[in-house]
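First the structure, in the form of structure tokens, and then the observations on it.
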Amino acid sequence: MRLDPTAPDMTLFLVMLHTGTMFAVIVYFWRSWRATYFQSPKAFRSNGLLVVVATAATGVIGFALLKLIGRLFAASSPGFEIEHLFGSTKLIATGLACAGVLILVSSRKANLSGDVTLRSSLAIGAVQGLCLPFRGLSRSGATISTGLLSGAIRRRAEEFSFALAVVPTPAVIAREGYRFYKAYAVTGKGEGFSTLLGPSALGMVFSFLAGLVALRWLSGWLEGGGWWYFGIYCLGLAAVVMTLL
């Protein structure tokens, strides 16, 4: 579409699309989360602890990775921001390929009967932190696969992965909103916000609807033994992106 994904207005727009899918996740999983996380005070405390631990791991790994990447690029690009990586199609294709391989490996796990533990929640949170700066490295694919490789049953790995996705989303939205504000409002280009508001709202509605469809599709693959389909999809898309380069 010849759009610059590294521009502040585009990153804000993409975050608004992600906001739509966040609401889709909440709507889709609310009933199962209520049965798992809110069935009793004890269940809420134990499951909540796992989410907190995983989120902390995401924050530590993600923040350290952002700092490391920033230092690596600081010498050659003084004004470097992590969003500049979003325009690297080679990096996106590599991320898709890595996600595809991880999904295919985890799909070989069958007849799992375990649950998400403290150790596996740390691993899942750490993997989510690795996914933060790299577009193409599917967050849901990587975290669900990590849960499966840790021995969790498919449905539990899926529920935990998407519960973990909802927690950092408001912080990401706030960060991109501030970045947009610095780039436009501070420089006297505040009219850019009103121009972007309509498309962002419309995009959020459509991403919500598409998110509901995609979640039902993904859940069907995962719980029906077709998780490897998602891996093939990621590898195929990686090949398409590399070809278009």
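The values are calculated or read from the model by the stated rules, or taken from the named source; none is laboratory data. Predicted model only: the values in this text are computed from it and were never measured. FYI the Cβ positions are ideal-geometry reconstructions off the backbone, even for glycines, and counts take in every protein chain you see. Areas reflect the complete protein model, heavy atoms only, side chains present, ligands, DNA and RNA absent. Shrake-Rupley method; radii C 1.70, N 1.55, O 1.52, S 1.80 Å.
Brief remarks on what is shown
- Checklist (1) open to solvent by 50 Å² or more (accessible area, probe 1.4 Å); (2) at pLDDT 90 or above; (3) farther than 23 Å from I61 by Cα applied to T89, failing item: (2)
- Counted residues, the stretch 129-167 - those being over 13 Å from the mean Cα position of the chain (by Cα), under 22 Å from L96 (Cα atoms) and assigned to a loop (DSSP other than H, G, I, E, B): 1
- The lone criterion from (1) buried (at least 17 other Cβ atoms within 10 Å of the Cβ); (2) at pLDDT 90 or above; (3) within 30 Å of V53 (Cβ to Cβ) left unmet by G220 is number (1).
- Odd one out for G129 among (1) crowded, with 22+ Cβ neighbours inside 10 Å; (2) under 13 Å from L235 (Cα atoms): (2)
- Among the residues of the stretch 179-189, not a single one is modelled with pLDDT of 90 or more and of a type in the set (S, T, N, Q).
- The single condition among (1) acidic (D, E); (2) at pLDDT 75 or above; (3) surrounded by 17 or more Cβ atoms within 10 Å (Cβ to Cβ) that D4 does not meet is (3).
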